[in-house]
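First the structure, in the form of structure tokens, and then the observations on it.
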Amino acid sequence: MILGRSQWGSEAKVWVATSDDVVGLATEAATPDELAEKLQVMIPELLEANGETGDGLEMPLFVMSEQVATVRLSS
């Protein structure tokens, strides 16, 4: 299992993904769906570059998303 995290970058207006499970993983995309598509390509490439192989096995990818917003409360 690979665990990742995505956060909304309010300044750049993109979702940014990182993971402690995949060395060197840092990417961004406009939507969570686009981000998931990028991760499906990048993760195997990074694992191979890091000397990790999976012999064609499939592994679940969990991406937890986080977005911080503010609300105005009435007086």
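Taking every alpha-carbon pair under 8 Å whose residues sit at least 6 apart, the chain reaches a relative contact order of 37 percent.
Residues whose amide H falls under 5 Å from that of residue 65, counting only those 5 or more places apart or on a different chain, are 6, with hydrogens built in the peptide plane. Against the longest principal axis of the chain, how steep is helix 32-49, in degrees 0 to 90 to the nearest 10, with axes from Cα atoms? In the chain, helix 32-49 runs at an angle near 30 degrees to the longest axis. 3J(HN,Hα) along segment 53-63, derived from phi through the Karplus expression 6.51 cos²θ - 1.76 cosθ + 1.60 where θ = phi - 60°, amounts to 10, x, 6, x, 6, 9, 10, x, 10, 10, 10 Hz, with x in place of Gly and Pro.
Each value in this text was obtained by applying a stated rule to the coordinates, not by laboratory testing. From a predicted model like this one, the values you see are computed outputs, not experimental measurements.
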